[in-house]
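To start, the structure itself, in structure tokens.
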Amino acid sequence: MFLKKIELVNFRNYKYCFIEFPTNKTILVGKNAQGKSNLLEAVYYLATLTSNRASSDSELIFWGESLSKIKSLVKKSFSEVKLDVQINKQGRKILKVNDIKKSNYSSYLGNLVIVNFGVSDLLLLRGSPSDRRKWLDVSISQLYPAYSERLSKYNKIRTQRNNLLKDFKGNIYLSKQQEDSLSVWDEQIIIAGSNLVHLRQKYLKEIQPVADKKHKYISIGEENLLIKYNSTVTGEFNTQDDEVISPEKITEIYRDIILNKRKEEIIRAQTLVGPHRDDVLFFINNINAETYASQGQQRTVILSLKLAELDFIRNITGDNPVLLLDDVLAELDQTRQNFLLDSIQEDTQTIITTTDISNFEPVYLQGVTVYNVKQGEITKVG
């Protein structure tokens, strides 16, 4: 998989931008706040239909404009694919693949697959559960495009169910009609949520051995990495030892829990169990890395995870994802930086942002395309 070119219109600080990627490795160099990360964000959005930095799509649109466009050409194993995304301030998107409109995410996602590694990822372990859920959801959506629609459906059901709970105004003594209405939404959220929990367990189970292998190598065999999925429905899922639970079994567990939580949910007027409340935990030698690991150990966990994503995607799809490294090299010590660069296969397209190109070894700069980024303007170096 190779991103050949990308065109931006009214995206972030780019009124207009066109850039080609003629080589496997591209470096974007420039001072901070010039637009380097914005360009990588556009590639990330093109692949995932979500931003890794903005809370809403409207933030992506150039100040004073009503819409933004991202256009690209992607080379895949046996074909080339044109991908177009148009974003407006109301949050609506127009998606096109080879100039044909796509009405749902599942028919668009998967045409460009990326692994993004930025400074914010290094804080993943110390971030909030929502940060870790987003990482997990984006990772799964790229490999299983239908997951994104299932997640969107679940969130819509949860919103409607929450609105109904609010209508009860804390009164736990429901009428027959109210009980019937809530039961309808209960069943819908149980089915939708069970599928999400199952797919999350499946993905983490599959990536666990790959990430552990990477972590062992970086730590010179001294540390084991274990991933656990902490679910409000099924409890703690040990990806190394536990078997993935079927959606049907999760549904049974879900029904019992949501029934037991009914009074509390009515009083608090919100849905208290489900995948929107779950978390991903990381353990080094069976010790919680979020709480007890050093900063260096936590960075090793994330580095292992990102390299595992690269291998895992390649194994599943038969194609290399595009690797985005956003100012992350400067945050890694020399050992981890060298391991990262040495682990990237020659045929993996890599786009890197940096403030100082002198940080790279001369051997790495051979055959690399370098662009200078200044105030939203991009010029080729050399």
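For the reader, a short list of remarks on this structure follows.
- A protection proxy built from the mean count of other Cβ atoms within 10 Å ranks the segments 119-128, 338-347, most packed first, as 119-128, 338-347.
- Footprinting exposure proxy ranking of T23, T271, fewest other C-beta atoms within 10 angstrom first, gives T23, T271.
- Amide hydrogen neighbours beyond the local backbone of K25, cut-off 5 Å, H modeled: T350, T369
- Residue by residue, the stretch 12-28 carries 3J(HN,Hα) couplings of 6, 8, 9, 5, 8, 8, 9, 9, 10, 10, x, 10, 5, 10, 10, 10, 9 Hz when phi is fed to the Karplus relation 6.51 cos²θ - 1.76 cosθ + 1.60 (θ = phi - 60°); x denotes Gly or Pro.
- Annotation: the chain has a Kirkwood hydrodynamic radius of 22.3 angstrom, from the mean reciprocal C-alpha pair distance.
- Of all lysines in the structure, those lying under 18 Å Cα to Cα from K31, and not within fewer than 8 positions of it along the same chain, are K374, K380.
- Estimated Rh, the stretch 125-316: Kirkwood, alpha-carbon pairs, angstrom: 17.9 Å
- Packing-based order for 134-146, 362-374, using average beta carbon neighbours within 10 Å, highest first: 134-146, 362-374
- Each of V43, I70, P145 was placed along the dipole of the chain (beta-carbon charges, centred on the mean Cα), and the one lying farthest toward the positive end is I70.
- Mean separation of Cα contacts under 8 Å (6+ apart) over length of the stretch 125-316, as relative contact order %: 30 percent
- Near V322, the amide H atoms lying under 5 Å from its own belong to V113, I114, V115; only residues 5 or more places off or on other chains count, and H is placed 1.01 Å from N.
- For R12, the residues whose modelled amide H falls within less than 5 Å of its own, excluding neighbours fewer than 5 places apart on the same chain, are I61, F62.
- Simple rule: put +1 on each Lys or Arg Cβ and -1 on each Asp or Glu Cβ in the chain, find the dipole, and look at L182, I27, T251; the Cα lying farthest toward the positive end is L182.
- Relative to the longest principal axis of the Cα atoms of the chain, the long axis of helix 247-260 lies at roughly 50 degrees.
- Listed by chain and number, the lysines placed with their C-alpha closer than 24 angstrom to that of K89 are K15, K36, K69, K71, K101, K102, K134, K153, K156; residues fewer than eight positions away on the same chain are left out.
- Ranked packing of 298-304, 90-96, most packed first, by mean Cβ within 10 Å: 298-304, 90-96
- Phi-derived couplings, Karplus 6.51 cos²θ - 1.76 cosθ + 1.60 at θ = phi - 60°, listed residue by residue for the stretch 352-361: 10, 10, 7, 8, 8, 6, 5, 6, 8, 5 Hz, with x used for Gly and Pro.
All of the numbers you see were taken from the coordinates with simple rules; none came from a lab. Note that the coordinates shown come from a computational prediction; the quantities given were computed from them, not determined experimentally. Virtual Cβ from ideal backbone geometry, glycine too; neighbours counted across all protein chains shown.
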